[in-house]
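Here's the structure we're looking at; comments come further down.
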Amino acid sequence: MKKKPYLSIALATGLALSSLGAPAAFAKPAETPNQVQPFNVFDNKVLNQINVENIYNNIEYLSRTPRVAGTEAEHNAIQYVKEQFESYGYETELQEFTFYGYTAPNTVELTVDGYTGEINPKSFTYGMDGSVAGEVVYAGLGQAADFEDVNVTGKIALIQRGSISFADKVLNAAANGVAGVIIFNNAPGDLNGTFGAPNDAYVPAVAISQETGQALLDKLTNGEAVTASINIEGAEAGMRTSYNVIATKAPTNKNKAKDGILAMGAHHDSVPGAPGANDDASGTAMTLELARVMKDLPTNMEMRFITFGAEELGLIGSRYYVSQLSEAEKDRFVGYFNMDMVGSRDAGDLVINTPDGTNNIVSQTAQASSERLNGEPTPIQPGGSSDHVSFYEGGIASASFIHRPLEPWYHTPEDTIDKISKEKLQDVAEIVGTAVYDLVRPENQGPKANRGEEQKVPHLYYEEQIK
Ligand code: BES
Ligand code: ZN
(Lines give C-alpha, C1' and ligand atoms only; values in the text may rest on other atoms or scores of the structure.)
(Ligands and ions follow the chains in the order given, each with its own letter.)
Protein backbone atom coordinates (compact mmCIF):
# COMPACT_ATOMS: atom_id res chain seq x y z
CA MET A 1 0.00 0.00 0.00
CA LYS A 2 0.93 3.59 -0.45
CA LYS A 3 2.51 5.32 2.50
CA LYS A 4 0.60 8.26 3.80
CA PRO A 5 2.51 11.33 2.75
CA TYR A 6 0.65 13.50 5.21
CA LEU A 7 -0.61 12.99 8.67
CA SER A 8 -2.69 15.80 9.99
CA ILE A 9 -2.54 17.21 13.48
CA ALA A 10 -6.29 16.74 13.53
CA LEU A 11 -5.92 13.03 12.87
CA ALA A 12 -3.25 12.55 15.50
CA THR A 13 -5.24 14.51 18.07
CA GLY A 14 -8.42 12.79 17.05
CA LEU A 15 -6.97 9.37 17.61
CA ALA A 16 -5.74 10.40 21.00
CA LEU A 17 -9.26 11.59 21.86
CA SER A 18 -10.92 8.52 20.38
CA SER A 19 -14.01 7.54 22.34
CA LEU A 20 -12.59 4.13 23.14
CA GLY A 21 -9.24 5.57 24.05
CA ALA A 22 -7.46 3.31 21.59
CA PRO A 23 -3.84 4.00 20.91
CA ALA A 24 -3.41 5.36 17.43
CA ALA A 25 -1.96 2.38 15.68
CA PHE A 26 -0.06 4.31 13.05
CA ALA A 27 -0.03 7.86 14.29
CA LYS A 28 3.29 9.45 13.52
CA PRO A 29 4.26 12.85 14.82
CA ALA A 30 2.65 15.60 12.76
CA GLU A 31 4.93 16.88 10.06
CA THR A 32 5.80 20.52 9.64
CA PRO A 33 2.70 22.65 9.02
CA ASN A 34 3.41 23.44 5.37
CA GLN A 35 3.45 19.70 4.61
CA VAL A 36 0.20 19.09 6.40
CA GLN A 37 -2.75 18.66 4.10
CA PRO A 38 -5.84 20.01 5.83
CA PHE A 39 -8.55 17.44 6.23
CA ASN A 40 -12.07 18.57 5.91
CA VAL A 41 -13.87 19.00 9.19
CA PHE A 42 -16.33 16.30 8.18
CA ASP A 43 -13.48 13.82 7.57
CA ASN A 44 -12.30 14.27 11.12
CA LYS A 45 -15.71 13.34 12.50
CA VAL A 46 -15.05 9.89 11.06
CA LEU A 47 -11.26 9.66 11.39
CA ASN A 48 -11.35 10.64 15.06
CA GLN A 49 -13.47 7.64 15.89
CA ILE A 50 -12.16 4.76 13.79
CA ASN A 51 -10.55 2.20 16.07
CA VAL A 52 -8.70 -0.43 14.06
CA GLU A 53 -8.50 -2.69 17.12
CA ASN A 54 -12.28 -3.15 16.94
CA ILE A 55 -12.01 -4.26 13.32
CA TYR A 56 -9.13 -6.59 14.08
CA ASN A 57 -10.85 -8.14 17.09
CA ASN A 58 -14.05 -8.79 15.16
CA ILE A 59 -12.09 -10.42 12.33
CA GLU A 60 -10.35 -12.59 14.91
CA TYR A 61 -13.70 -13.66 16.37
CA LEU A 62 -15.46 -14.27 13.05
CA SER A 63 -12.56 -16.21 11.51
CA ARG A 64 -12.33 -18.91 14.16
CA THR A 65 -14.26 -21.21 11.79
CA PRO A 66 -15.35 -21.29 8.15
CA ARG A 67 -18.81 -19.72 7.67
CA VAL A 68 -20.32 -21.62 4.77
CA ALA A 69 -23.73 -20.25 3.79
CA GLY A 70 -26.63 -22.19 5.27
CA THR A 71 -24.55 -23.86 8.02
CA GLU A 72 -24.75 -23.37 11.75
CA ALA A 73 -21.42 -21.54 11.67
CA GLU A 74 -22.78 -18.96 9.24
CA HIS A 75 -25.92 -18.59 11.34
CA ASN A 76 -23.75 -17.97 14.41
CA ALA A 77 -21.81 -15.30 12.53
CA ILE A 78 -25.10 -13.69 11.47
CA GLN A 79 -26.29 -13.60 15.07
CA TYR A 80 -22.98 -12.10 16.16
CA VAL A 81 -23.10 -9.36 13.53
CA LYS A 82 -26.70 -8.57 14.47
CA GLU A 83 -25.80 -8.31 18.16
CA GLN A 84 -22.88 -6.01 17.40
CA PHE A 85 -25.08 -3.66 15.36
CA GLU A 86 -27.59 -3.68 18.21
CA SER A 87 -24.92 -2.95 20.80
CA TYR A 88 -24.19 0.29 18.89
CA GLY A 89 -27.88 1.16 19.11
CA TYR A 90 -29.09 0.13 15.64
CA GLU A 91 -32.40 -1.40 14.73
CA THR A 92 -31.53 -4.48 12.71
CA GLU A 93 -33.35 -6.84 10.41
CA LEU A 94 -32.49 -10.39 9.40
CA GLN A 95 -33.60 -10.82 5.80
CA GLU A 96 -34.18 -14.52 5.20
CA PHE A 97 -33.70 -16.24 1.84
CA THR A 98 -33.39 -19.81 0.65
CA PHE A 99 -31.22 -21.37 -2.00
CA TYR A 100 -30.31 -24.75 -3.38
CA GLY A 101 -27.17 -25.74 -1.50
CA TYR A 102 -24.52 -28.42 -1.68
CA THR A 103 -22.36 -30.00 0.99
CA ALA A 104 -19.19 -31.68 -0.26
CA PRO A 105 -18.79 -35.42 0.44
CA ASN A 106 -16.77 -36.53 3.46
CA THR A 107 -15.39 -39.57 1.61
CA VAL A 108 -13.88 -39.41 -1.87
CA GLU A 109 -12.04 -42.60 -2.89
CA LEU A 110 -10.53 -43.90 -6.09
CA THR A 111 -8.66 -47.19 -6.22
CA VAL A 112 -7.04 -48.52 -9.36
CA ASP A 113 -6.08 -52.20 -9.36
CA GLY A 114 -2.36 -52.63 -9.77
CA TYR A 115 -1.59 -48.90 -9.43
CA THR A 116 0.67 -48.22 -6.48
CA GLY A 117 1.24 -44.49 -6.86
CA GLU A 118 -0.51 -42.00 -4.60
CA ILE A 119 -3.94 -40.91 -5.84
CA ASN A 120 -5.48 -37.84 -4.30
CA PRO A 121 -8.98 -37.79 -5.81
CA LYS A 122 -11.20 -34.70 -5.43
CA SER A 123 -14.93 -34.35 -5.83
CA PHE A 124 -16.77 -31.81 -7.97
CA THR A 125 -19.17 -29.30 -6.44
CA TYR A 126 -22.72 -30.57 -7.17
CA GLY A 127 -21.31 -34.08 -7.77
CA MET A 128 -23.20 -37.26 -6.84
CA ASP A 129 -22.57 -39.85 -4.14
CA GLY A 130 -22.11 -43.40 -5.34
CA SER A 131 -20.03 -46.54 -5.31
CA VAL A 132 -19.13 -47.91 -8.74
CA ALA A 133 -16.47 -50.23 -10.17
CA GLY A 134 -15.50 -51.33 -13.62
CA GLU A 135 -13.04 -51.39 -16.45
CA VAL A 136 -11.38 -48.06 -17.26
CA VAL A 137 -11.84 -46.78 -20.83
CA TYR A 138 -10.23 -43.65 -22.24
CA ALA A 139 -12.77 -41.20 -23.67
CA GLY A 140 -10.58 -38.28 -24.76
CA LEU A 141 -12.05 -34.90 -23.88
CA GLY A 142 -15.46 -36.42 -23.16
CA GLN A 143 -17.15 -34.72 -26.08
CA ALA A 144 -20.15 -36.47 -27.67
CA ALA A 145 -18.00 -37.75 -30.56
CA ASP A 146 -15.48 -39.30 -28.15
CA PHE A 147 -18.05 -41.92 -27.14
CA GLU A 148 -18.98 -42.99 -30.68
CA ASP A 149 -16.34 -45.68 -31.19
CA VAL A 150 -15.84 -47.02 -27.67
CA ASN A 151 -18.04 -49.30 -25.64
CA VAL A 152 -18.32 -47.59 -22.28
CA THR A 153 -21.54 -49.06 -20.94
CA GLY A 154 -21.17 -49.91 -17.25
CA LYS A 155 -17.50 -48.87 -17.35
CA ILE A 156 -15.44 -46.04 -15.93
CA ALA A 157 -14.51 -43.31 -18.38
CA LEU A 158 -11.10 -41.64 -18.08
CA ILE A 159 -11.47 -38.14 -19.51
CA GLN A 160 -9.03 -35.30 -19.96
CA ARG A 161 -9.81 -31.75 -18.85
CA GLY A 162 -10.33 -29.17 -21.60
CA SER A 163 -12.57 -27.68 -24.31
CA ILE A 164 -15.92 -28.31 -22.61
CA SER A 165 -17.17 -27.98 -19.04
CA PHE A 166 -16.71 -30.73 -16.44
CA ALA A 167 -20.50 -31.00 -16.23
CA ASP A 168 -20.86 -31.58 -19.98
CA LYS A 169 -18.17 -34.29 -19.92
CA VAL A 170 -20.01 -36.17 -17.19
CA LEU A 171 -23.41 -35.71 -18.85
CA ASN A 172 -22.05 -36.99 -22.17
CA ALA A 173 -20.57 -40.00 -20.40
CA ALA A 174 -23.81 -40.67 -18.50
CA ALA A 175 -25.82 -40.46 -21.74
CA ASN A 176 -23.64 -43.30 -23.06
CA GLY A 177 -24.24 -45.54 -20.05
CA VAL A 178 -20.97 -44.87 -18.21
CA ALA A 179 -21.02 -45.92 -14.53
CA GLY A 180 -18.43 -43.44 -13.27
CA VAL A 181 -16.01 -40.77 -14.50
CA ILE A 182 -12.40 -39.85 -13.74
CA ILE A 183 -11.36 -36.44 -15.05
CA PHE A 184 -7.65 -35.64 -15.05
CA ASN A 185 -6.08 -32.21 -15.09
CA ASN A 186 -4.45 -30.78 -18.22
CA ALA A 187 -1.96 -28.78 -16.18
CA PRO A 188 0.31 -29.83 -13.30
CA GLY A 189 -1.37 -30.25 -9.92
CA ASP A 190 -4.70 -31.22 -8.43
CA LEU A 191 -8.03 -30.29 -9.92
CA ASN A 192 -10.77 -28.64 -7.84
CA GLY A 193 -13.80 -28.05 -10.01
CA THR A 194 -17.51 -27.42 -9.99
CA PHE A 195 -20.34 -28.63 -12.20
CA GLY A 196 -21.81 -25.15 -11.74
CA ALA A 197 -25.31 -26.50 -11.09
CA PRO A 198 -27.02 -29.64 -9.82
CA ASN A 199 -28.32 -32.29 -12.24
CA ASP A 200 -29.84 -35.67 -11.44
CA ALA A 201 -28.26 -37.10 -14.59
CA TYR A 202 -24.68 -36.93 -13.27
CA VAL A 203 -22.85 -40.18 -12.43
CA PRO A 204 -20.19 -40.42 -9.66
CA ALA A 205 -17.10 -38.50 -10.76
CA VAL A 206 -13.67 -37.74 -9.32
CA ALA A 207 -10.90 -35.35 -10.35
CA ILE A 208 -7.23 -36.35 -10.33
CA SER A 209 -3.95 -34.65 -11.15
CA GLN A 210 -2.41 -34.55 -14.60
CA GLU A 211 0.44 -36.79 -13.39
CA THR A 212 -1.87 -39.56 -12.10
CA GLY A 213 -4.14 -39.29 -15.14
CA GLN A 214 -1.20 -39.62 -17.48
CA ALA A 215 0.03 -42.70 -15.59
CA LEU A 216 -3.36 -44.38 -16.01
CA LEU A 217 -3.52 -43.38 -19.66
CA ASP A 218 -0.02 -44.87 -20.22
CA LYS A 219 -1.22 -48.21 -18.84
CA LEU A 220 -4.18 -48.18 -21.23
CA THR A 221 -2.02 -47.26 -24.22
CA ASN A 222 0.30 -50.13 -23.29
CA GLY A 223 -2.69 -52.44 -23.69
CA GLU A 224 -3.04 -53.22 -20.00
CA ALA A 225 -6.52 -53.87 -18.67
CA VAL A 226 -7.19 -51.41 -15.86
CA THR A 227 -10.06 -51.67 -13.42
CA ALA A 228 -10.98 -49.04 -10.89
CA SER A 229 -13.57 -48.26 -8.26
CA ILE A 230 -14.97 -44.92 -7.18
CA ASN A 231 -16.61 -44.38 -3.81
CA ILE A 232 -18.17 -41.04 -2.85
CA GLU A 233 -20.16 -40.63 0.37
CA GLY A 234 -21.76 -37.80 2.28
CA ALA A 235 -22.58 -35.30 -0.46
CA GLU A 236 -25.79 -33.52 0.40
CA ALA A 237 -27.89 -31.33 -1.81
CA GLY A 238 -31.02 -29.51 -0.81
CA MET A 239 -32.63 -26.23 0.17
CA ARG A 240 -30.72 -24.09 2.67
CA THR A 241 -31.52 -20.91 4.53
CA SER A 242 -29.30 -17.88 4.94
CA TYR A 243 -29.82 -14.26 5.95
CA ASN A 244 -28.67 -10.77 5.15
CA VAL A 245 -28.13 -8.60 8.23
CA ILE A 246 -29.36 -5.03 7.75
CA ALA A 247 -28.86 -2.13 10.16
CA THR A 248 -30.56 1.13 9.26
CA LYS A 249 -29.88 4.72 10.28
CA ALA A 250 -32.58 7.27 9.55
CA PRO A 251 -31.44 10.75 8.44
CA THR A 252 -30.96 12.98 11.46
CA ASN A 253 -31.54 16.13 9.48
CA LYS A 254 -35.27 15.64 9.25
CA ASN A 255 -36.32 19.06 7.99
CA LYS A 256 -33.95 19.20 5.08
CA ALA A 257 -33.89 15.46 4.66
CA LYS A 258 -33.31 14.37 1.13
CA ASP A 259 -34.78 11.00 0.49
CA GLY A 260 -31.57 9.30 -0.66
CA ILE A 261 -30.38 5.91 0.54
CA LEU A 262 -26.67 5.12 0.87
CA ALA A 263 -25.49 1.61 1.72
CA MET A 264 -22.23 -0.04 2.59
CA GLY A 265 -21.44 -3.64 3.38
CA ALA A 266 -19.64 -6.93 2.88
CA HIS A 267 -20.34 -10.67 2.80
CA HIS A 268 -20.16 -12.64 6.02
CA ASP A 269 -20.01 -16.16 4.49
CA SER A 270 -16.84 -18.02 3.50
CA VAL A 271 -15.95 -20.94 1.25
CA PRO A 272 -15.72 -24.45 2.82
CA GLY A 273 -12.52 -25.08 4.74
CA ALA A 274 -11.42 -21.44 4.72
CA PRO A 275 -11.72 -19.36 7.90
CA GLY A 276 -12.07 -16.36 5.61
CA ALA A 277 -10.27 -13.85 7.80
CA ASN A 278 -9.63 -11.62 4.82
CA ASP A 279 -12.46 -13.05 2.64
CA ASP A 280 -14.53 -11.56 4.05
CA ALA A 281 -14.47 -11.24 7.82
CA SER A 282 -12.36 -8.15 7.07
CA GLY A 283 -15.17 -6.41 5.19
CA THR A 284 -17.78 -7.56 7.70
CA ALA A 285 -15.77 -6.22 10.63
CA MET A 286 -15.13 -2.96 8.78
CA THR A 287 -18.86 -2.56 8.12
CA LEU A 288 -19.46 -3.01 11.84
CA GLU A 289 -16.84 -0.46 12.80
CA LEU A 290 -18.03 2.16 10.33
CA ALA A 291 -21.59 1.62 11.56
CA ARG A 292 -20.35 2.25 15.11
CA VAL A 293 -18.46 5.36 14.00
CA MET A 294 -21.45 6.81 12.12
CA LYS A 295 -24.10 5.99 14.71
CA ASP A 296 -24.49 9.47 16.15
CA LEU A 297 -23.23 11.60 13.28
CA PRO A 298 -25.60 14.08 11.67
CA THR A 299 -26.77 12.92 8.25
CA ASN A 300 -29.28 13.87 5.62
CA MET A 301 -29.72 10.49 3.98
CA GLU A 302 -30.88 7.10 5.07
CA MET A 303 -27.92 4.79 5.67
CA ARG A 304 -27.96 1.02 5.47
CA PHE A 305 -25.16 -1.19 6.80
CA ILE A 306 -25.55 -4.68 5.36
CA THR A 307 -23.73 -7.97 5.59
CA PHE A 308 -24.75 -10.49 2.94
CA GLY A 309 -25.05 -14.26 3.08
CA ALA A 310 -24.18 -16.77 0.34
CA GLU A 311 -21.92 -14.47 -1.69
CA GLU A 312 -19.50 -17.31 -2.29
CA LEU A 313 -22.25 -19.40 -3.86
CA GLY A 314 -22.97 -16.82 -6.55
CA LEU A 315 -23.89 -13.46 -4.93
CA ILE A 316 -27.13 -15.05 -3.75
CA GLY A 317 -27.80 -12.85 -0.70
CA SER A 318 -27.10 -9.53 -2.39
CA ARG A 319 -29.10 -10.51 -5.49
CA TYR A 320 -31.99 -11.35 -3.19
CA TYR A 321 -31.59 -8.03 -1.38
CA VAL A 322 -31.68 -6.03 -4.61
CA SER A 323 -34.62 -8.11 -5.89
CA GLN A 324 -36.62 -7.14 -2.79
CA LEU A 325 -36.10 -3.38 -3.22
CA SER A 326 -39.23 -1.55 -4.31
CA GLU A 327 -39.15 0.64 -7.40
CA ALA A 328 -39.34 3.64 -5.07
CA GLU A 329 -36.33 2.44 -3.08
CA LYS A 330 -34.30 1.86 -6.24
CA ASP A 331 -35.14 5.40 -7.29
CA ARG A 332 -33.85 6.67 -3.94
CA PHE A 333 -30.64 4.58 -3.88
CA VAL A 334 -27.55 6.78 -4.28
CA GLY A 335 -24.96 4.02 -4.09
CA TYR A 336 -23.41 0.98 -2.44
CA PHE A 337 -19.85 0.67 -1.07
CA ASN A 338 -18.65 -2.99 -0.95
CA MET A 339 -15.66 -4.13 1.11
CA ASP A 340 -14.38 -7.57 0.15
CA MET A 341 -10.84 -8.60 1.14
CA VAL A 342 -9.65 -5.35 2.69
CA GLY A 343 -6.91 -6.40 5.10
CA SER A 344 -4.42 -8.94 3.79
CA ARG A 345 -0.81 -8.27 4.65
CA ASP A 346 0.19 -10.37 1.62
CA ALA A 347 -1.99 -8.79 -1.07
CA GLY A 348 -1.08 -5.82 -3.25
CA ASP A 349 -2.32 -2.24 -3.19
CA LEU A 350 -5.87 -1.05 -2.77
CA VAL A 351 -7.97 -0.75 -5.93
CA ILE A 352 -11.57 0.24 -6.51
CA ASN A 353 -13.46 -2.27 -8.68
CA THR A 354 -16.52 -1.28 -10.65
CA PRO A 355 -18.20 -3.98 -12.74
CA ASP A 356 -17.67 -2.09 -16.02
CA GLY A 357 -14.51 -0.21 -15.03
CA THR A 358 -16.18 3.20 -15.31
CA ASN A 359 -16.36 5.78 -12.56
CA ASN A 360 -19.57 6.37 -10.60
CA ILE A 361 -20.54 8.39 -7.55
CA VAL A 362 -19.24 5.69 -5.20
CA SER A 363 -15.83 5.28 -6.86
CA GLN A 364 -15.48 9.02 -7.49
CA THR A 365 -16.19 9.94 -3.89
CA ALA A 366 -13.70 7.33 -2.69
CA GLN A 367 -11.07 8.62 -5.11
CA ALA A 368 -11.59 12.10 -3.69
CA SER A 369 -11.29 10.90 -0.09
CA SER A 370 -8.20 8.80 -0.81
CA GLU A 371 -6.60 11.83 -2.42
CA ARG A 372 -7.35 13.97 0.64
CA LEU A 373 -5.99 11.28 2.96
CA ASN A 374 -3.06 9.80 1.04
CA GLY A 375 -2.20 12.43 -1.53
CA GLU A 376 -3.27 10.34 -4.50
CA PRO A 377 -6.54 8.75 -5.64
CA THR A 378 -6.97 4.98 -5.31
CA PRO A 379 -7.01 3.58 -8.88
CA ILE A 380 -10.17 2.24 -10.48
CA GLN A 381 -10.14 -1.10 -12.30
CA PRO A 382 -12.89 -3.18 -13.88
CA GLY A 383 -13.75 -6.06 -11.57
CA GLY A 384 -16.75 -8.14 -10.54
CA SER A 385 -16.86 -11.31 -8.43
CA SER A 386 -18.52 -9.71 -5.42
CA ASP A 387 -21.77 -8.19 -4.14
CA HIS A 388 -21.35 -4.79 -5.80
CA VAL A 389 -22.28 -6.61 -9.05
CA SER A 390 -25.81 -7.26 -7.74
CA PHE A 391 -26.34 -3.53 -7.21
CA TYR A 392 -24.90 -2.73 -10.62
CA GLU A 393 -27.31 -5.23 -12.13
CA GLY A 394 -30.13 -3.40 -10.35
CA GLY A 395 -29.07 -0.06 -11.84
CA ILE A 396 -27.49 1.21 -8.58
CA ALA A 397 -24.03 2.83 -8.54
CA SER A 398 -21.59 0.58 -6.69
CA ALA A 399 -17.92 -0.22 -6.22
CA SER A 400 -15.87 -2.79 -4.35
CA PHE A 401 -12.67 -2.19 -2.37
CA ILE A 402 -10.01 -4.92 -2.66
CA HIS A 403 -6.22 -5.25 -2.62
CA ARG A 404 -4.69 -6.61 -5.83
CA PRO A 405 -2.98 -8.86 -6.65
CA LEU A 406 -4.74 -11.26 -4.30
CA GLU A 407 -2.83 -12.99 -1.51
CA PRO A 408 -1.84 -16.65 -2.05
CA TRP A 409 -4.17 -17.69 0.83
CA TYR A 410 -7.32 -16.72 -1.10
CA HIS A 411 -9.98 -19.43 -0.51
CA THR A 412 -7.58 -21.64 1.48
CA PRO A 413 -7.40 -22.81 5.11
CA GLU A 414 -4.51 -20.32 5.47
CA ASP A 415 -6.78 -17.26 5.21
CA THR A 416 -6.31 -16.63 8.93
CA ILE A 417 -6.05 -13.71 11.35
CA ASP A 418 -2.24 -13.74 11.45
CA LYS A 419 -2.20 -12.57 7.79
CA ILE A 420 -4.26 -9.46 8.58
CA SER A 421 -2.56 -6.07 8.47
CA LYS A 422 -3.93 -3.39 10.78
CA GLU A 423 -2.28 -0.78 8.60
CA LYS A 424 -4.27 -1.91 5.56
CA LEU A 425 -7.48 -2.06 7.58
CA GLN A 426 -6.90 1.46 8.88
CA ASP A 427 -6.27 2.79 5.37
CA VAL A 428 -9.42 1.27 3.82
CA ALA A 429 -11.63 2.17 6.79
CA GLU A 430 -10.47 5.80 6.50
CA ILE A 431 -11.02 5.98 2.74
CA VAL A 432 -14.44 4.31 2.76
CA GLY A 433 -15.59 5.93 6.00
CA THR A 434 -14.76 9.47 4.90
CA ALA A 435 -16.20 8.89 1.41
CA VAL A 436 -19.45 7.55 2.80
CA TYR A 437 -19.70 10.42 5.25
CA ASP A 438 -18.95 12.95 2.53
CA LEU A 439 -22.11 11.79 0.73
CA VAL A 440 -24.46 11.66 3.72
CA ARG A 441 -23.33 14.70 5.74
CA PRO A 442 -26.00 17.40 6.12
CA GLU A 443 -23.97 20.12 4.34
CA ASN A 444 -23.82 18.04 1.18
CA GLN A 445 -26.91 18.81 -0.83
CA GLY A 446 -25.34 17.46 -4.01
CA PRO A 447 -25.63 13.70 -4.38
CA LYS A 448 -28.83 12.48 -5.89
CA ALA A 449 -29.89 9.01 -6.79
CA ASN A 450 -29.15 8.42 -10.45
CA ARG A 451 -30.82 5.18 -11.36
CA GLY A 452 -29.21 3.32 -14.23
CA GLU A 453 -30.28 0.53 -16.49
CA GLU A 454 -30.88 -2.93 -15.07
CA GLN A 455 -28.68 -5.55 -16.65
CA LYS A 456 -27.25 -8.99 -16.11
CA VAL A 457 -23.52 -9.56 -15.66
CA PRO A 458 -22.84 -13.00 -17.13
CA HIS A 459 -19.57 -13.96 -15.41
CA LEU A 460 -20.04 -15.62 -12.06
CA TYR A 461 -17.30 -18.13 -11.60
CA TYR A 462 -13.71 -18.11 -12.59
CA GLU A 463 -13.54 -20.03 -15.85
CA GLU A 464 -11.02 -22.48 -14.38
CA GLN A 465 -13.54 -23.81 -11.87
CA ILE A 466 -16.06 -25.06 -14.40
CA LYS A 467 -13.93 -26.32 -17.28
N1 BES B 1 -13.67 -12.19 -2.27
C2 BES B 1 -13.90 -12.74 -3.57
C3 BES B 1 -13.86 -11.63 -4.56
C4 BES B 1 -12.85 -11.66 -5.59
C5 BES B 1 -12.09 -12.77 -5.89
C6 BES B 1 -12.67 -10.52 -6.30
C7 BES B 1 -11.17 -12.72 -6.89
C8 BES B 1 -11.75 -10.46 -7.29
C9 BES B 1 -10.98 -11.57 -7.60
C10 BES B 1 -15.26 -13.36 -3.63
O11 BES B 1 -15.72 -13.75 -2.38
C12 BES B 1 -15.24 -14.57 -4.55
O13 BES B 1 -14.53 -15.49 -4.32
N14 BES B 1 -16.03 -14.53 -5.62
C15 BES B 1 -16.22 -15.62 -6.55
C16 BES B 1 -17.37 -15.30 -7.45
C17 BES B 1 -18.70 -15.55 -6.83
C18 BES B 1 -19.75 -14.98 -7.73
C19 BES B 1 -18.96 -17.01 -6.59
C20 BES B 1 -15.07 -15.82 -7.51
O21 BES B 1 -14.49 -14.85 -7.98
O22 BES B 1 -14.78 -16.99 -7.82
ZN1 ZN C 1 -15.18 -12.45 -0.87
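The rows are residues; the columns are (1) aliphatic (A, V, I, L, M); (2) open to solvent by less than 10 Å² (accessible area, probe 1.4 Å); (3) within 16 Å of ligand 2 (Cβ to nearest atom); (4) within 20 Å of ALA285 (Cα to Cα).
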| site | (1), (2), (3), (4) |
| --- | --- |
| ASN300 | no, yes, no, no |
| PHE305 | no, yes, no, yes |
| ILE316 | yes, no, yes, no |
| TYR320 | no, no, no, no |
| LEU325 | yes, no, no, no |
| GLU329 | no, no, no, no |
| ASN338 | no, yes, yes, yes |
| VAL342 | yes, yes, yes, yes |
| ASP349 | no, no, no, yes |
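Restricting attention to region 272-298, the residues that are within 16 Å of ligand 1 (Cβ to nearest atom) and open to solvent by less than 30 Å² (accessible area, probe 1.4 Å) total 14. Taking the residues in region 251-266 that are small (Gly, Ala, Ser) and either open to solvent by 20 Å² or more (accessible area, probe 1.4 Å) or more than 11 Å from ligand 1 (Cβ to nearest atom) (or both) as candidates, determine which candidate is farthest from GLY193 (Cα to Cα). The residue in question is ALA257.
The rows are residues; the columns are (1) of a type in the set (D, E, K, R); (2) more than 34 Å from the chain's Cα centre (by Cα).
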position: GLY127; (1), (2): no, no
position: GLU148; (1), (2): yes, yes
position: PHE166; (1), (2): no, no
position: LEU171; (1), (2): no, no
position: VAL178; (1), (2): no, yes
position: ASN186; (1), (2): no, no
position: ASN192; (1), (2): no, no
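Is it the case that some residue within region 34-53 is open to solvent by less than 60 Å² (accessible area, probe 1.4 Å), assigned by TED's automatic domain parsing to the domain that holds MET286 and modelled with pLDDT under 60? Scanning region 34-53 turns up at least one residue that is open to solvent by less than 60 Å² (accessible area, probe 1.4 Å), assigned by TED's automatic domain parsing to the domain that holds MET286 and modelled with pLDDT under 60. Looking across THR227, THR248, THR252, one residue alone is at pLDDT below 95 and hydroxyl-bearing (Ser, Thr, Tyr). It is THR252. Could we say that ILE164 is under 13 Å from LEU110 (Cβ atoms) and either assigned by TED's automatic domain parsing to the domain that holds ALA144 or touching a strand residue (DSSP E or B) at 6+ places or on another chain (Cβ under 7 Å) (or both) here? No, not satisfied. Assess whether VAL389 counts as being closer than 24 Å to ALA281 by Cβ, open to solvent by less than 10 Å² (accessible area, probe 1.4 Å) and either over 15 Å from the mean Cα position of the chain (by Cα) or among the acidic types (Asp, Glu) (or both). In short, no.
For region 156-168, a residue qualifies if it is out of contact with any Lys or Arg (no Cβ under 6 Å at 6 or more places or on another chain) and under 24 Å from ASP113 (Cα atoms), and the qualifying residues are ILE156, ALA157, LEU158, GLN160, ARG161. Residues of region 44-102 that are polar (S, T, N, Q) and in a loop (DSSP other than H, G, I, E, B): ASN48, GLN49, ASN51, SER63, THR65, THR71. Are any residues in region 187-203 open to solvent by less than 40 Å² (accessible area, probe 1.4 Å) and in contact with a Lys or Arg (Cβ under 7 Å, 6 or more places away or on another chain), and if so, which ones? Scanning region 187-203 gives a single hit, LEU191.
Restricted to region 380-467, the set of helices (runs of 4 or more DSSP H) holding at least 3 residues that are away from ligand 2 (no atom under 16 Å from the Cβ) and either in the same structural domain as GLY276 (by TED's automatic domain parsing) or modelled with pLDDT of 90 or more (or both) comprises 422-440.
Among the residues of region 368-392, those identified as within 16 Å of ligand 1 (Cβ to nearest atom) and touching a Pro at 6+ places or on another chain (Cβ under 6 Å) are GLY384, VAL389, TYR392.
Take ASP269 and decide whether it is within 16 Å of ligand 1 (Cβ to nearest atom), under 20 Å from GLU53 (Cα atoms), in contact with a helix residue (DSSP H, G or I) (Cβ under 8 Å, 6 or more places away or on another chain) and at pLDDT 95 or above. No. Cβ-Cβ contacts under 7 Å between residues 6 or more apart (or on different chains), taken from a first residue in region 275-293 that is part of a helix (DSSP H, G or I) and within 13 Å of ligand 2 (Cβ to nearest atom) to a second residue that is among the basic types (Lys, Arg) and open to solvent by 10 Å² or more (accessible area, probe 1.4 Å), are listed as ALA277/LYS419; ASN278/LYS419.
The values are calculated or read from the model by the stated rules, or taken from the named source; none is laboratory data. Note that the structure is predicted; figures quoted are calculated from it, not measured. When we count neighbours, we look across all protein chains shown, and the Cβ atoms used for this are built from the backbone with ideal geometry, even at glycine. Please note that ligands, DNA and RNA were not included when accessible areas were found on the heavy atoms of the full protein model with its side chains. Shrake-Rupley method; radii C 1.70, N 1.55, O 1.52, S 1.80 Å.
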